[in-house]
Amino acid sequence: MMRFGVAKDLITPDLLTYMGGYGSFFNKPFQGIHDDLYVRTLLVQDGETKLIFVSLDLLFHDFSLTEELQKWVETAFSIPADHFFLTYSHTHGGPAMAGYDDASQHSPEYERFLMERIKSCVSRAMVNTFEGTLQSGGVDGDWNINRRLLVNGEMQNMPNPEGAKDDRLHVLRVLDLNGRTKVVLFNYACHPVTVRDTMYLSGDYPGRICHLLEAEYFGAMGIFFQGAGGNSRPKATAYKGTFITCTYDEINEMAISIVQAIKLLFSNPKAMVQVQPDVAAFQFRIHLEIDPYPKNHFAAIANDPASRPGLVGMANRVLNHYDHMPDYVILPAGLIRLSADLYIAYMGGEPCYEVKNKLERLFPGVTLLFWGYADATAYIPDDQIIAEGGYEAEGSVVEYGLKGPFRPGIDTRMAEAFTAAFCAL
């Protein structure tokens, strides 16, 4: 019999902080709180093997936050670092964070507050445990849209109704021994940018789905893990060939639609499959090579009066460290086995759908959930996107403080790393 532990805690800032995401363009503190932000923790235990899954209603952070917490859980609970997984919902309605936003924008006070809240949440999940069962299922839904459109030979950030995207909504359901729903874990690939540059804190559509699930299943916790959403946005934001800022009511409509799909899934006794647990996990790093831009590329951005403050800060950071920066990045990744035919791939950065699609092909006969956004490495394209260019391939280089875009060969490196991890498990 499996055991589970659950907990959630408030991580809404209790002091004014600069906004992350689109809001960071204005270089101003948030104007108010539309809805609260949370950390949510799920403990999964199969025999002596324990896994901890943490989801944060934040844009993201560099991997140092995860590494510090991994060391802490090893000391506090004797849980191996490989068994601790943390990801970000990637809401653009959160505060600026270290390791991604410019140093002038993120708040050291909030960083300390966040660490305390995460540790408290994990600790409560360790004592709030129960025996139960795990179910797996999924449904396809048309809530997202590809955002890469070829216009006059150039890849533009525009709605592409014909573009590839991940329609699969994966759901894991934890029930106690009385058959009550205790956890609804959902995994979907779509940027939470529904209200875009609105200067209010909000969990966007993932946060709202959790609210609705917790109202529907009293005593349960909703927990979200962002998928390969690097090149997709909410379909509601696509209007007449461009992307628009929506309202909170439209976030609510999208969330209601997804919750209805989950409820229908649960109402079909054949749709949710009982998981026969065989739990294991393995984390690793993937070496991705960079094709450096010359220094004058960053100098031009840093000296351009039209550049937003955060971008100027990142360009100057690259210039100041250019000669000592390596021509590669190290991408954190992992593979989790829940059963013989149910796995979870885990990855930092903002993976594009094509990355997940190619990894799925490596494991025929296996249901593969894909969790991206484990840190702020960069957009993670495949070789095809690198060849096509566009924001995900080259336009976001300065935003992430990289020395240049990724070199081709990323498909091979991904395949080798995840195949080796599969064999290791």
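The values are calculated or read from the model by the stated rules, or taken from the named source; none is laboratory data. All of these numbers come straight from a predicted model, not from anything done at the bench. Note that each Cβ is placed from the backbone with ideal geometry, even for glycine, and that neighbours are counted across all protein chains shown. Ligands, DNA and RNA are stripped out before the accessible areas are found, and what is left, the full protein with its side chains, is counted by its heavy atoms. Shrake-Rupley method; radii C 1.70, N 1.55, O 1.52, S 1.80 Å.
Considering helices alone, the calculated mean residue ellipticity of the chain at 222 nm is -9000 deg cm²/dmol, with DSSP H runs of length four and up weighted by -39500 (n - 2.57) and normalised per residue.
Averaging 1/r over each pair of different alpha-carbon atoms in the chain and inverting the result gives 21.7 Å, the Kirkwood hydrodynamic radius.
Seen from all sides and averaged, what is the projected area of the convex hull of the Cα atoms in segment 280-331, in nm²? Value for segment 280-331: 5.0 nm².
Counting only residues at least eight positions apart within a chain, or on another chain, the aspartates and glutamates with an alpha carbon under 13 Å from that of LYS50 are GLU74, ASP82, ASP278. In summary, the aspartates and glutamates within cross-link reach of LYS295, defined as a Cα separation below 13 angstrom excluding same-chain residues under 8 places away, comprise ASP323.
Only helices reaching 24 angstrom along their own axis (Cα) with mean Kyte-Doolittle hydropathy no lower than 1.6 count here, and not one DSSP H run of the chain does.
Calculated accessible area for the chain comes out at 39 Å² per residue, all protein chains present (probe 1.4 Å; ligands, DNA, RNA ignored).
Normalising the average separation of contacting C-alpha pairs (under 8 angstrom, six or more residues apart) by the number of residues puts the relative contact order of segment 176-303 at 27 percent. Send over the Kirkwood Rh of segment 321-362, from the inverse of the averaged 1/r over different Cα pairs, rounded to one decimal Å. Kirkwood radius, segment 321-362: 12.8 Å.
Springs join every pair of Cα atoms under 10 Å in this Gaussian network model of the chain, and among THR242, THR12, THR367 the largest mean-square fluctuation is at THR242. For segment 220-342, taking Cα atoms only, Rg and Dmax work out to 22.4, 61 Å respectively.
The calculated FRET efficiency for the pair ALA387 and HIS287, based on their C-beta separation and a Förster distance of 35 Å, comes to about 0.95. To put it simply, the accessible area of segment 39-82 at a 1.4 Å probe is 43 percent carbon and sulfur.
Note on LYS165: aspartates and glutamates with a C-alpha under 12 Å away, same-chain residues under 8 apart excluded, are ASP140, ASP142, GLU354. When only Cα pairs below 8 angstrom with a gap of at least 6 residues are kept, segment 290-408 shows a relative contact order of 29 percent. The relative contact order of the chain comes to 17 percent, based on Cα pairs under 8 Å that sit 6 or more residues apart. Extension gain, ASP323 to SER120: 0.36 nm times the residue separation minus the Cα-Cα distance gives 69.0 nm. The Cα center of segment 311-377 and the Cα center of segment 114-153 differ in position by 16 Å.
Loop-resident GluC sites (Glu not before Pro) (DSSP state other than H, G, I, E or B) in segment 1-90 with no more than 10 further Cβ atoms inside 10 Å of their Cβ: GLU48.
Expressed as a whole percent, the accessible surface of segment 301-410 that belongs to carbon and sulfur atoms is 49, based on a 1.4 Å probe.
With the convex hull drawn over the C-alpha atoms of segment 337-413, the volume per residue is 85 Å³. Normalising by residue count, segment 168-212 has a Cα convex hull of 75 Å³ per residue. Sorting 213-226, 139-152, 371-384 by average packing, meaning the other beta carbons within 10 Å per residue, from highest down gives 371-384, 213-226, 139-152. In whole angstrom, segment 230-298 maps to an equivalent ellipsoid with semi-axes of 37, 30, 9, each derived as √(5λ) from the alpha carbon gyration tensor and ordered largest first.
Out of all DSSP beta bridges in the chain, what portion is antiparallel? Express it as a percent rounded to 5. Antiparallel bridges: around 75 percent, rounded to the nearest 5. Here the Kirkwood formula puts the hydrodynamic radius of segment 1-85 at 15.0 Å, using every distinct Cα pair.
Treating each Cα of segment 160-283 as one equal point scatterer and applying the Debye formula with no solvent, the log10 of I(q)/I(0) at q = 0.17, 0.22 Å⁻¹ comes out as -0.96, -1.36. Here segment 199-241 and segment 76-111 have alpha carbon centers that stand 19 Å from each other. Distance cut-off 26 Å, Cα to Cα: go down the list LYS119/LYS403; LYS8/LYS358; LYS235/LYS263; LYS235/LYS356; LYS8/LYS71; LYS119/LYS263 and report the pairs above it. Going by Cα-Cα distance, LYS119/LYS403; LYS8/LYS358; LYS119/LYS263 fall outside the 26 Å limit. Taking trypsin sites (Lys or Arg not before Pro) across segment 234-266, the ones in a DSSP loop with at most 11 further Cβ atoms lying within 10 angstrom of their Cβ are LYS240.
Charges on Cβ only, +1 for Lys and Arg, -1 for Asp and Glu, centred on the Cα centroid of the chain; of LEU288, ALA417, PHE77, which one is farthest towards the dipole's positive end? Positive-most Cα among the choices belongs to PHE77. Comparing MET199, MET347, MET158 in a Gaussian network model of the chain, where Cα atoms under 10 Å apart are tied by springs, the biggest mean-square fluctuation is seen for MET158.
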